[in-house]
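The values are calculated or read from the model by the stated rules, or taken from the named source; none is laboratory data. Only a predicted model underlies this, so the values are computations on that prediction, with no experimental measurement involved. For the accessible areas, the whole protein counts, side chains as well, though only heavy atoms, and no ligand, DNA or RNA atoms are used. Shrake-Rupley method; radii C 1.70, N 1.55, O 1.52, S 1.80 Å.
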Amino acid sequence: MTPPAARAAAIRTATIRTDLRTDTRRPITRPAGPRHEEPLTDEAAATTGTAPTGAPAAQSQAPAPTGLPGSGDDDPEHPTAAETPAASPGRFTRPGGMFSSLRIRNYRYYFAGQVVSNTGTWMQRIAQDWLVLSLTGSPFAVGITTAMQFLPMLLLGLWGGVLADRLPKRRLLVATQGAMGLLAAVLALLTITGAVTPVVVYLFALLLGLVTVVDNPTRQAFVSEMVPAKDLANAVSLNAANFQTARLVGPAVAGALIAAVGSGWAFAVNALSFVAVIGGLLAMRSSELRPVERIARERGQLREGLRYVRERPELLWPMVLAGFIGTFGFNFPTLLAGFAHDTFHVGAGAYGLLNTAMAVGSLTGALLAARRGAPRLRRLVFAALAFGALEVLAALAPGYWTFALLLTLIGVFGLTFNTSVNSALQLGTDPEMRGRVMGLLVLVFTGGTPIGAPLVGWITAQYGPRFGLLACGLVSAAAAGVVALVLGRISGLRLRLDLHPVRTRGRVFSVVQKGDLATAC
């Protein structure tokens with residue numbers, strides 16, 4: 001028989017656990033700052049007695065258990081005791097492990113499909129450039145192909161975000177991914193049969209860019225419907241790690257395939273890769289998604305999205321910084337070939353190693369970001385400042401291996417900035433506006449490529465690759481510095497010098513926070 005004392009202890013323990021799971025009446029202190037809450041479902045609202053929107057009970061959560069995928073912790077609507085609300089001033093969430101998002105069944109399906117699809121996408125990028133170069137013999141023609149693919153994003157990127165807010169995101173992704181697969185299949189058929197011409201490749205690049213206008217913001221906004229807010233930053237980082245892994249694998253597979261059977265078969269493999277991501281989307285459980293209420297079609301929604309960002313400094317200034325970094329900082333395809341050929345006088349193998357070094361750094365940065373919680377604005381500003389400063393140092397690198405090492409560090413901080421700005425904007429945006437905000441982010445970050453790449457290319461041609469990279473680094477670092485000063489002034493942040501060893505626990509400098517925006521910074 002169990003002793004009475006042991007039975008009493010067991011009853012008390014069970015009661016405490018039950019209270020932790022069911023007591024939603026405890027007050028929660030919500031720090032001032034940008035909105036980041038997810039709306040409660042009607043079922044959850046009925047259970048907690050809270051209004052479906054604006055409810056803090058679903059937010060300030062402590063770390064989630066890092067259960068293994070398939071361990072039974074797939075239903076995010078039933079929190080465990082470890083997910084009891086708790087005040088956490090100064091942070092949106094805390095990390096729950098590097099791969100915590102993979103415990104969610106729907107996200108696992110999505111992630112697995114993207115592993116295959118991203119690899120195929122990188123294969124097509126390499127095969128497309130090689131095909132145009134073999135047909136024309138002109139690097140300028142390769143640049144035209146790239147411009148045709150990015151031009152729709154510059155012209156129509158905001159409309160893609162509007163469609164993402166109007167239409168069901170999962171169905172929209174099935175349609176866009178299917179369209180991309182069909183384009184790859186037709187291009188493969190034309191290439192294998194010898195009917196392809198440079199104009200045909202330009203046309204398919206343009207059509208692919210038009211589909212990407214809708215697909216890109218929809219994919220980014222859909223992440224918040226698969227995972228809860230506490231796992232959003234982790235899921236964004238894992239998506240980036242997924243993409244960078246494919247960046248390492250895809251070009252190598254494409255090179256071997258092109259050498260063996262030609263570019264057309266690389267397009268064919270890419271077309272087949274879309275079966276994986278579409279299958280993952282169709283296999284998801286609708287009951288475990290967090291669909292956002294779609295907006296009705298009406299006039300002025302595009303202007304509404306722009307006004308929404310303009311009126312929120314925690315969204316506006318990271319967006320401005322992303323525009324400068326994307327337009328001027330990320331021009332490595334234009335610069336690395338010049339460094340390899342003209343500055344260090346190395347061959348194709350060493351040039352490929354430079355791209356690999358940066359990809360390894362990017363993958364490392366994505367995995368490190370996955371270990372952290374949702375970012376503060378100071379992290380993304382610091383990452384942008386470090387990114388620009390490292391570009392300046394790389395421009396002055398005395399030798400090839402020093403340059404390669406600095407490229408690895410540039411990859412780390414570049415991906416840290418990418419994932420931080422993506423997570424910060426998604427967490428700071430109301431759900432019904434998320435598609436338009438992410439569409440604007442895609443526009444400013446990648447839509448500037450047709451502007452920045454020719455400008456950096458001209459500077460590099462006139463003054464050399466060192467001066468071109470130096471200019472990119474100085475612009476990126478200056479933009480980060482200005483945005484840091486603006487955010488610091490708006491939020492009332494100031495740096496304090498304090499030499500008292502007991503009160504500051506050995507810290508000489510500390511940050512004093514004031515104002516509504518301070519907690520986000």
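Quick look at the numbers
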{"quantity": "Solvent-accessible area, 1.4 Å probe, carbon plus sulfur percent, for segment 296-410", "calculated": "64 percent"}
{"quantity": "Volume per residue of the C-alpha convex hull in segment 270-408, rounded to whole Å³", "calculated": "203 Å³"}
{"quantity": "Segment 435-483 - Rg over Rh from alpha carbon coordinates, Kirkwood radius", "calculated": "1.09"}
{"quantity": "Three-way shape label, segment 328-367, alpha-carbon gyration tensor, a/c 1.5", "calculated": "oblate"}
{"quantity": "Accessible surface, per residue, of segment 415-476 when the full set of protein chains is kept, probe 1.4 Å, Å²", "calculated": "29 Å²"}
{"quantity": "Segment 159-202: radius of gyration and largest Cα-Cα distance (Dmax), Å", "calculated": "14.6, 41"}
{"quantity": "Centroid-to-centroid separation of segment 331-392 and segment 412-462 [C-alpha atoms, Å]", "calculated": "15 Å"}
{"quantity": "For q = 0.21 Å⁻¹, Debye-computed log10 I/I(0) when each Cα of segment 196-242 counts as one equal scatterer", "calculated": "-0.73"}
{"quantity": "Share of pairwise Cα separations in segment 118-218, more than 23 Å, in percent", "calculated": "28 percent"}
